Amino acid sequence: MNLSQLKTLQKKLILKVYSQADWSFLPSFIWFSYLGARICYAETHPLAIFQEEKFRDHLKLVKFLVHLKTQKHFSVFAHTPVPVSLSNFSEREKYEIAKSFYKVFWDEEDRWALFNLRHFAENLEENIFENLISIKPNLEEMKIKIFKNWVKIYEGNFSGLFLEKLGKEGLNKEESPWATPEVIIIESKKDFPLRWIGVIVHNLSRVFSHQFVRHTWLNFNQRSHRYTKVEKFIVPSGFSEDCFKRYKEIILNSLKIYQELCVEVKKESARLVIPQGVTTTLLATGPLLVWEDFVSKRALPQVQEEIKNLAFLLKENLFEEK
C-alpha cells in the first residue's frame, strides 16, 4: 500500500469511525491539544498557558484549533483520546482500521478501539471538524498531582482558582540559573477506556528529553528553543563542589555568549552554544499500558538520574497505589 492508497482508505473509513465514536469525553480532553500546541512556544510555567486569552475566550480557542488543522499541525491533536465502539464494524473493516490507522489501541475483545483526535483532524473536512471541536473544555472533570523536586506538593481538582494561584508565571520566580524539576500528572476523574494519562515534565534537561522521546508509543510536544529563550539549567545531584564550580563557569559563560549572539542571529542559531544541561518542558500523553511500558524500561537502578526519577515517581503514583 502506498501513501495515496493509505489516505484513500482512511477517508473511506473515517466517517463511520466518527459516527461510532463516544464524544462525551471530548470536553475533558480537548484542552490537552491546546496545551500540546502552546507548550512548544510558551516561556511561562506550563500551567500558566491556561490563563492565556486564546484559551479562555472560547471563540478564539476554536479558531486556533481549526488553524492548527488547516496548517497541518496534526501532532498536537494526538493528545486527545477518542473511544470508538466497534460493534457495527465488520471483521473486514476492523482489519482495515488496524492496518491503516497508527496508534489505535484495542480492547481484548475488539469491542472498542481508542483513537485520538489526530485521526479525525487529518481526515475530516474542515467544517465537520470545526463543529466537532466547538465544545467548551471542562477542566473540572480532571484531577491533578504536582511534584516539585520529586516531592508531591499538590493533589486535587484541576480548577480555575488552582490554575490562577499555581500557574501564574512569576509566583515563585527564581533569579538563579538553576532549575527545580517539576512533574504534573493529569487524568480524568471518570473511568476512561485504557486510562488515558497526561504527564507534564518541566525544568528537566535536554539530556533527559532525548531519552524520553524515544518512547514513541507516547505522544509528545516539547518547548522549542528555536522560539523561546534559554534560562535555566539542571545540576546533577552527583556533582561534587569542584564539579559544580567548573559546571557553573561553563554555564554562565555560555549564557553570556548566547545572549550576545541573540542580538545578531536567531535563537535557533544562538542555542548551539548552550550545554545539554539546559532545561525544557514536555507534554506526554498515552494510555496506562504505554506508561507501564515506559516504567518497566526506565525504573531501574542503572538508568540516567532524571528519567529514572520520573519512572519511579510514575511507578509509585500510577501503579503501586492500585
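For Ile234, indicate whether it is surrounded by 20 or more Cβ atoms within 10 Å (Cβ to Cβ), modelled with pLDDT of 95 or more and closer than 30 Å to Phe192 by Cβ.
On the way: surrounded by 20 or more Cβ atoms within 10 Å (Cβ to Cβ): yes; modelled with pLDDT of 95 or more: yes; closer than 30 Å to Phe192 by Cβ: no.
Here the answer is no, as Ile234 does not meet what is asked.
Say we look at the stretch 174-201 and pick out the residues that are in contact with a Lys or Arg (Cβ under 9 Å, 6 or more places away or on another chain) and outside any loop (DSSP other than H, G, I, E, B); which of these is surrounded by the fewest Cβ atoms within 10 Å (Cβ to Cβ)?
Of all residues in the stretch 174-201, those in contact with a Lys or Arg (Cβ under 9 Å, 6 or more places away or on another chain) come to 174, 176-189.
The next check asks that each one be outside any loop (DSSP other than H, G, I, E, B); those that pass are 178, 182-188.
Details: Trp178: 15, Glu182: 20, Val183: 22, Ile184: 21, Ile185: 20, Ile186: 22, Glu187: 21, Ser188: 17.
Looking at residues that are in contact with a Lys or Arg (Cβ under 9 Å, 6 or more places away or on another chain) and outside any loop (DSSP other than H, G, I, E, B), I get Trp178.
Tell me whether the stretch 256-277 contains one or more residues that are within 25 Å of the chain's Cα centre (by Cα) and either closer than 30 Å to Ser188 by Cα or in contact (Cβ under 8 Å) with a residue 60 or more places away in the chain (or both).
yes
Would you confirm whether any residue within the stretch 25-34 is without any contact (Cβ under 8 Å) to a residue 24 or more places away in the chain and out of contact with any strand residue (DSSP E or B) (no Cβ under 9 Å at 6 or more places or on another chain)? Explain how you work it out, then say what you get.
Going residue by residue through the stretch 25-34, those that are without any contact (Cβ under 8 Å) to a residue 24 or more places away in the chain are none.
Scanning the stretch 25-34, I find no residue that is without any contact (Cβ under 8 Å) to a residue 24 or more places away in the chain and out of contact with any strand residue (DSSP E or B) (no Cβ under 9 Å at 6 or more places or on another chain), so the answer is no.
Considering only the stretch 286-294, I want to know if a residue exists there that is assigned to a loop (DSSP other than H, G, I, E, B), at pLDDT 95 or above and either closer than 23 Å to Ile250 by Cβ or of a type outside the set (D, E, K, R) (or both). Break it down into steps so the answer makes sense when it comes.
First, pick out the residues of the stretch 286-294 that are assigned to a loop (DSSP other than H, G, I, E, B): none.
No, the stretch 286-294 has no match at all.
Looking only at the stretch 294-309, count how many residues are out of contact with any Gly (no Cβ under 9 Å at 6 or more places or on another chain), surrounded by fewer than 17 Cβ atoms within 10 Å (Cβ to Cβ) and touching a residue at least 24 places away in the same chain (Cβ under 8 Å).
Residues flagged as out of contact with any Gly (no Cβ under 9 Å at 6 or more places or on another chain), surrounded by fewer than 17 Cβ atoms within 10 Å (Cβ to Cβ) and touching a residue at least 24 places away in the same chain (Cβ under 8 Å) within the stretch 294-309 amount to 2.
Quick one: which helices (runs of 4 or more DSSP H) lie wholly within the stretch 86-147 and hold at least 2 residues that are in contact with a strand residue (DSSP E or B) (Cβ under 9 Å, 6 or more places away or on another chain), in contact (Cβ under 8 Å) with a residue 60 or more places away in the chain and not assigned by TED's automatic domain parsing to the domain that holds Glu187? Full working, then the answer.
Working: elements: 91-100, 117-123, 126-132.
Passing ranges, in order: 117-123.
Filter the stretch 39-49 for residues that are in contact with a Ser or Thr (Cβ under 9 Å, 6 or more places away or on another chain) and either part of a helix (DSSP H, G or I) or basic (Lys, Arg) (or both) and give the result.
The initial filter retains those residues of the stretch 39-49 that are in contact with a Ser or Thr (Cβ under 9 Å, 6 or more places away or on another chain), namely 39-43, 45-46.
Pro46 - this is the single residue of the stretch 39-49 that is in contact with a Ser or Thr (Cβ under 9 Å, 6 or more places away or on another chain) and either part of a helix (DSSP H, G or I) or basic (Lys, Arg) (or both).
Out of Phe312, Phe244, Phe208, I need the residue that is crowded, with 21+ Cβ neighbours inside 10 Å and in a helix (DSSP H, G or I). Which one? Please lay out each step first, then the result.
Details: Phe312 fails: crowded, with 21+ Cβ neighbours inside 10 Å; Phe244 fails: crowded, with 21+ Cβ neighbours inside 10 Å.
Answer to the check: Phe208.
Scan (1) of a type outside the set (S, T, N, Q); (2) surrounded by 15 or more Cβ atoms within 10 Å (Cβ to Cβ); (3) farther than 26 Å from Asn149 by Cβ for the single condition Leu282 breaks and write down its number.
For Leu282, the failing item is (3).
Mind listing just one residue for me: the one in the stretch 295-322 that is among the basic types (Lys, Arg) and closer than 14 Å to Ile197 by Cβ and, of those, modelled with the lowest pLDDT? Walk me through how you get there before you give the answer.
The first filter runs over the stretch 295-322 and keeps only residues among the basic types (Lys, Arg), leaving 297-298, 308, 315, 322.
Subsequent filtering for residues that are closer than 14 Å to Ile197 by Cβ retains 315, 322.
Numbers: Lys315: 97, Lys322: 47.
The extreme case among them is Lys322.
Scan the stretch 214-231 residue by residue and report those that are modelled with pLDDT under 95, within 21 Å of Ser176 (Cα to Cα) and either basic (Lys, Arg) or loosely packed, with under 12 Cβ neighbours inside 10 Å (or both).
Lys229
Within the stretch 59-73, can you find the residues that are among the basic types (Lys, Arg) and either in contact (Cβ under 8 Å) with a residue 24 or more places away in the chain or buried (at least 19 other Cβ atoms within 10 Å of the Cβ) (or both)? Can you show your working first?
Applying the first criterion (among the basic types (Lys, Arg)) to the stretch 59-73 yields 60, 63, 69, 72.
Correct list: Lys69 only.
Within the group Arg38, Arg56, which residue is crowded, with 18+ Cβ neighbours inside 10 Å and among the basic types (Lys, Arg)?
On the way: Arg56 fails: crowded, with 18+ Cβ neighbours inside 10 Å.
Going through Arg38, Arg56 in turn, the sole match is Arg38.
The values are calculated or read from the model by the stated rules, or taken from the named source; none is laboratory data. Treat the numbers as computed from the prediction; the structure is a model and nothing was measured. As a convention, Cβ positions derive from the backbone with ideal geometry for all residues, glycine included, and neighbour counts pool all protein chains shown.
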